[in-house]
Amino acid sequence: MAKRDTNSSRLVYSTDGGRLCPQCHRPSTQCACGDQAPASLGDGIVRIRRETKGRGGKAVSVVEGVPLAGAELKALAKVLKQRCGVGGAVKDGCIEIQGDQRAVLKEALEKRGYTVKLSGG
């Protein structure tokens, strides 16, 4: 019988570390990037779409692809909500603004230097 090499590990899957951070690949309790890392960098284009699904026919404008994280994204959302004069929220790295505000949002984001596209119908 062949002698087994004890130095090389053939571990395929382990639950010892629990959940891992997708960016720094450390256990989520020891994550080095925390809330400072952007949700996703994407292709550098900010997309604005109108969405009514699951809202009883009420429209919201969803801004996604903004390369900001945590507090910076919330601050931008606050500025956009004030510019439009409506409410909104930050969910899953996307900014939701009440109503169909795509034209106003596009103008405001382009003034801040972002490349903006209107997506959807």
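The values are calculated or read from the model by the stated rules, or taken from the named source; none is laboratory data. Since the model is a prediction, treat every value here as computed from it, not as a measurement. Glycine gets a Cβ as well: all are built from the backbone with ideal geometry, and neighbour counts include every protein chain shown.
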Residue in region 51-101 that is surrounded by the fewest Cβ atoms within 10 Å (Cβ to Cβ), counting only those that are in contact (Cβ under 8 Å) with a residue 40 or more places away in the chain and under 16 Å from Gly113 (Cα atoms): Val66
Unmet requirement for Val116, which otherwise passes all of (1) without any contact (Cβ under 8 Å) to a residue 40 or more places away in the chain; (2) under 19 Å from the mean Cα position of the chain (by Cα): (1)
Total residues in region 67-98, condition assigned to a loop (DSSP other than H, G, I, E, B) and at pLDDT 90 or above: 3
